[in-house]
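Notes for the one structure printed next.
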Amino acid sequence: MAVRKEKLEDFINAARQIVESQQHDQEKLLFEITQEDDAEIKELTKLIDAQTIEDPDKSYDLFYNGIQAFLLKILPQDTKIRKPILELKSIFLSGKEKENIKYGKRGADSRMSYMERMEDVIDILTQWSQTPNEYLKLAHLFLVKNKELGYIPEDREISDYI
C-alpha cells in the first residue's frame, strides 16, 4: 500500500504549521520545501504510486527524507526533549522496544516500516501541529499510541526514555 496523497498533504500542512509557529521562516523542510516555495512538493508526490503495494525504497525515503529529517530539524537539541520523542517514534514504527528500554537490540527496523504505519506517524504529527511548541505533547501522543498497540507496557512513562 502506497502512502495516500491526502496523508502526504496532511504531513506537508502539519510541517508548515509547526514551522510557522516556531518562526523558522526560511528553514528548509521536507525535500527542500520552504514556506515560500511550494514547487518542491512534487518531490513528495513522487513517493505516491497507486500501483505500488509496498516499496522498501519508498518506505526508506519517506523515513529518512520525510519523517526523520523533519523531526531532526524541528526538535530542540536538548536530549531530554529530543531523545524520548525519537525513541517513541522508533518504537511506534517498528512495533518493538529495545531490550533494556534505553539500550540493546530492538529486533526490528523502523526505517522499513509499512507505509500504513508511516501514515499513522503523519496523523500524530498532524494532531501535534495544533500545539507545535509543546514537545512533550508529541512524546505523549507516541507514548499513548504505543501503549494502545501493546508495543510497550502500560506503566511506561516518558521519563523512562530520557
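Bear in mind that the values in this text are calculations on the coordinates, not laboratory data. If you're wondering where the values come from, they're calculated on a predicted model, not measured in any experiment. Here the Cβ positions follow ideal geometry from the backbone for every residue, glycine too, while neighbour counts run over all protein chains shown.
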Which of TYR135, TYR151, ILE124 sits farthest toward the positive end of the charge dipole of the range 70-162, with +1 on the Cβ of Lys and Arg and -1 on the Cβ of Asp and Glu?
TYR135
Can you work out the Karplus-derived ³J(HN,Hα) for every residue in the range 146-162? Use 6.51 cos²θ - 1.76 cosθ + 1.60 with θ = phi - 60°, whole Hz, and x for glycine or proline.
4, 5, 4, 7, x, 6, 9, x, 4, 7, 5, 10, 4, 4, 5, 9, 7
Would you mind putting 111-120, 73-82, 88-97 in packing order, based on average other-beta-carbon counts within 10 Å, highest first?
88-97, 111-120, 73-82
Estimated distance in nm for a label pair at LYS73 and GLU20, the labels positioned 7 Å out from Cα along Cα-to-Cβ:
1.6 nm
Stretched out fully, how many nm does the piece from LEU149 to GLU6 gain, at 0.36 nm a residue minus the Cα gap?
49.1 nm
